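All remarks here apply to the structure that follows.
The values are calculated or read from the model by the stated rules, or taken from the named source; none is laboratory data. Here the structure is a predicted model, which means the values were calculated and not measured. Backbone-built Cβ (ideal geometry, glycine too); neighbour counts: all protein chains shown.
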Amino acid sequence: MTETTKNKAKQYIYIVQDKNRTMCQIGKTNDLESRLGEYNSNSEGNLYSYLFVCQVANMVVVEYDIKEEYNIYSVEQKKEVFFFNEYLFEVYVNFIKDHKFYIKKIFIEPTSSSEQTIKSVRKTESLEERGMTYREVMQKARNDDDDEFYTQYEDVEKELSMYPKSIWKNKVVYCNCDDPTNVSNPQVSAFASYFLLKFDELKLKKLICTHYDPKTNWSNKGSNAYIFDRNGYTETDFSEESSSVYTGSFDDPISLKILNEDADIVCTNPPFSRAIDYWRTVIQSGKQFIIISNVTNPITTAFIPYFKDKKVWAGYNEVDWFKGTDGKLKRAAGHWYTNIPIKNRPKYKNLKIIPLEKIPESFKQYDDSKTLLVANNYIPSDYKEPFAVSTRPILNGILEKGYKIIQEKTYAPYIDGKCKFARALIQKT
Ligand SMILES: C[S@@+](CC[C@H](N)C(=O)[O-])C[C@H]1O[C@@H](n2cnc3c(N)ncnc32)[C@H](O)[C@@H]1O
């Protein structure tokens, strides 16, 4: 090729990915076919294919700008390899398309194609090696199903955007039940995606995501940690730091070490079936947190002491719909909880704090032990005795309005000998 034809050769920017990894590579070339050939000649059967290709007017500049812009998502010291999930793929493509040297798209493979579904490489271990029987596996599978409620991105954004941006500045966020990968899969963590996309805007110092995947954990190692900071991105299985396999569980010694030594703010929707242990673990760590849990926690014995002692309070929003593993929406009564101060809680307006005699009869009654029960967010302003409320007033902030919980366990009222809905016992301070 003469120097002149070389200069006139078309210039391309591409995103390429091998079949087994959660990363992609972004690069430049004049010859797409040869470049793919180069990747595949070293791939030992782990074939690469293009996810996106476009023609540009100056590939050197475009490639340089991508590296500058997405330093956080690139593998440390290896700037052409970028972290990949469906949100980030869109971000890379949009950046390229908006670049002043972008000419036209040549080829794009939809990320939803099963051909392009990428999984992390995991070392397989037999059930025997994991010390599990088939029966235990089946039992675990049944329990695990209850936990497969994946948070929607909109719900994460709706809640987290309510807190002042200053709380995130220079902080290490730890999402300890979150897989940021799982391309085109509902299980990709919206928490991880939110913090990745907002990394600069929130001025985060670091994002650490660890996850435990029960479906692979029966027989596979299934444990990964993803760490993002300003120098780039690293993935680790901690095999050098631990003699046993790192399970990725939030209470694995390595996860606890991250929680206690590295994390500033913990953010996730933890497994409902492990909520009691999860709350104990996170609250004991003394770290700040914003998490999703059951809407009834304020009236459930295992959690009431935390509300009573002001170690936790409601966040801003409820969460009613989650994604299942099949991507379809399913209902669950979730709510955000936090220990980060909330000023002027918008839901105070739902509380109806008025003199007892003004509360409509249908919303006040006395149980068999003569304890007052109030409903529909009515709160007696002039009543000095303990009275019982549902979870709602607590979620709406009544404990910040001069009332306190006075019993460490659920209050179960009986009326005419029949047990009624559980409540918490509160009193004006
Ligand atoms: C309610 S889902 C939410 C997942 C993700 N945080 C989100 O918001 O989309 C809880 C996740 O925790 C996983 N899980 C189960 N046991 C776990 C454990 N011991 N440690 C960490 N995660 C666990 C479940 O498999 C499930 O993926």
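Got a sec? Which of 393, 341 is of a type outside the set (A, V, I, L, M, F, W, C), crowded, with 16+ Cβ neighbours inside 10 Å and either modelled with pLDDT of 95 or more or assigned to a strand (DSSP E or B) (or both)? Answer to the check: 393.
Checked against (1) on the phi < 0 side of the Ramachandran plot; (2) part of a loop (DSSP other than H, G, I, E, B), residue 157 passes all but condition (2).
Can you tell me which of 46, 94 is in the same structural domain as residue 13 (by TED's automatic domain parsing), part of a helix (DSSP H, G or I) and surrounded by fewer than 17 Cβ atoms within 10 Å (Cβ to Cβ)?
Being in the same structural domain as residue 13 (by TED's automatic domain parsing), part of a helix (DSSP H, G or I) and surrounded by fewer than 17 Cβ atoms within 10 Å (Cβ to Cβ) holds for just one of 46, 94, which is 94.
Of all residues in region 297-306, one or more are touching a strand residue (DSSP E or B) at 6+ places or on another chain (Cβ under 7 Å), of a type in the set (A, V, I, L, M, F, W, C), over 21 Å from residue 178 (Cα atoms) and surrounded by 14 or more Cβ atoms within 10 Å (Cβ to Cβ). Only one entry in 221, 169, 165, 203 is out of contact with any His (no Cβ under 9 Å at 6 or more places or on another chain), at pLDDT below 95 and either surrounded by fewer than 18 Cβ atoms within 10 Å (Cβ to Cβ) or within 17 Å of residue 246 (Cα to Cα) (or both), namely 221.
Residues in region 149-181 that are more than 9 Å from the ligand (Cβ to nearest atom) and within 11 Å of residue 193 (Cβ to Cβ): 153, 157, 180, 181.
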